[in-house]
1. Taking the Cβ of each residue in Lys86, Lys161 as the centre, tally the other Cβ atoms inside 10 Å and list the residues starting with the fewest.
2. Determine the alpha carbon to alpha carbon distance for each of Lys13/Lys179; Lys86/Lys180; Lys95/Lys210; Lys114/Lys161; Lys146/Lys179; Lys13/Lys61 and list only those over 24 Å.
3. Rounded to the nearest 500, what is the 222 nm mean residue ellipticity of the chain from helices alone, with -39500 (n - 2.57) per DSSP H run of 4+ residues and division by all residues?
4. Using a Cα-Cα cut-off of under 17 Å, which aspartates and glutamates could be cross-linked to Lys133, ignoring same-chain neighbours fewer than 8 residues away?
5. For the chain, restrict the atom set to alpha-carbon positions and state the Rg and Dmax in Å.
6. Tell me, what HN-Hα J-couplings in whole Hz come from the Karplus equation 6.51 cos²θ - 1.76 cosθ + 1.60 at θ = phi - 60° for each residue of segment 101-107, using x for Gly and Pro?
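Quick note: the coordinates plus some simple rules give every number you see, no bench work behind them. None of the values given here were measured: they were computed from a predicted structure. As a convention, Cβ positions derive from the backbone with ideal geometry for all residues, glycine included, and neighbour counts pool all protein chains shown.
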Amino acid sequence: MIIIPAIDLRSKKVVRLTQGDFQREKQYSDNPVEVALSWQTQGAEYIHVVDLDGAFSGEPKNLDIVEAIVGAVRVPIQLGGGLRTKESVSQAISKGVSRVIIGTKACTDVAFMKTLIEEYGDKIVVSIDAAGKGVVAAGWAMEVPKTIMEVADDMQQIGVKTIIFTNVIGDGTLQGLDKKWVLDVLEAAGNANVIIAGGVSSLDDIRMLKSLNRPNLYGVITGKAIYEGTLDLADAIKLTGDM
């Protein structure tokens, strides 16, 4: 299991939202490249970047910043937010992004996702944003008429290899991971690799995930905890290596 630090971009700044609420935003830096270099220095193997402006508008808005991050660090970058057309996916990959994260279209257009998988394979990662057993999309503003299990099943059928599950209720709250929810989504994912997000608060969450000893638990994304200092990224990475 790897620890993946998050960089959420809004108006070219590094911010964090609470439960996806744009009215509950906190800015942490006006230099995203500097933040990415910091996470690399602390041992990050992958960096998770979200274009919040893109998620809200439906098309990428911060690709210049993403390209600058890719050019500055040695570790691979995965990017999500507003990637809802083949053109935008191609554009993101052309900027050097290693994986693109598709959320809204994964929930609403399986045929579109199938064409992406056929063309880009493992470069496509699916994001399922969960509110309870339900799913939300379009910057968490739209309720999807499918369950977590149904979306995950659809994605496995077309060959998606990696799924990010985000607990919207816990995201940005520092309340800690919900163990039962984690077990539920690991089960829903079948053989797909799983990245967990939403609610990480401390090393206890990392210990809990490791204790599950589940082969399809590939990683965990942490954002607010490392910005607020309740979780030290280097310590979390060391812990995964020691256990």
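1. Fewest to most other Cβ atoms nearby, the residues stand as Lys86, Lys161.
2. Result: Lys13/Lys179; Lys86/Lys180; Lys95/Lys210 exceed 24 Å.
3. My calculation for the chain gives -11000 deg cm²/dmol from helical runs alone.
4. Here the aspartates and glutamates satisfying the reach criterion relative to Lys133 are Glu143, Glu150, Asp153, Asp154, Asp171, Asp178, Asp184, Glu187.
5. Calculated on Cα positions, Rg and Dmax stand at 16.2, 42 Å.
6. Karplus-based 3J(HN,Hα) across segment 101-107 equals 9, 10, x, 4, 5, 5, 8 Hz.
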